[in-house]
Amino acid sequence: MNGLEPSRWYSFYRQPANMRKNFDGTRALVLSGMKKNPVSGDAFVFTNRRRSHLQASCTGPE
């Protein structure tokens, strides 16, 4: 992802997330915590407990 795209939906995970999680870990948060499809083409944004770091995950349908 190279910046914000106005045509994309952005979903923010409201709970603090472990920033050491890999793709499978964030995918599990999207599925179980957000109840969304991780390959929908939407962008999912996670923050750490102090809200000092962001992590974004975005994959489209293949």
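Bear in mind these aren't lab numbers, they're just calculated from the coordinates by the rules spelled out. On a predicted model such as this, the values are computed, not experimentally measured, just so you know. Please note: Cβ atoms are built from the backbone with ideal geometry, for glycine as well, and neighbour counts cover all protein chains shown.
A few points about this structure:
- Remark: the chain carries a charge dipole of roughly 420 debye about the Cα centre, counting +1 on each Lys and Arg Cβ and -1 on each Asp and Glu Cβ.
- Segment Ser7-Asn37, extension gain: residue separation times 0.36 nm, minus the distance between their alpha carbons: 9.1 nm
- Within the chain, antiparallel bridges make up roughly 60 percent of the DSSP beta bridges whose residues both belong there.
- Calculated mean residue ellipticity at 222 nm for the chain: -2000 deg cm²/dmol, from DSSP H runs with n ≥ 4 weighted as -39500 (n - 2.57), summed, divided by the residue count and rounded to 500.
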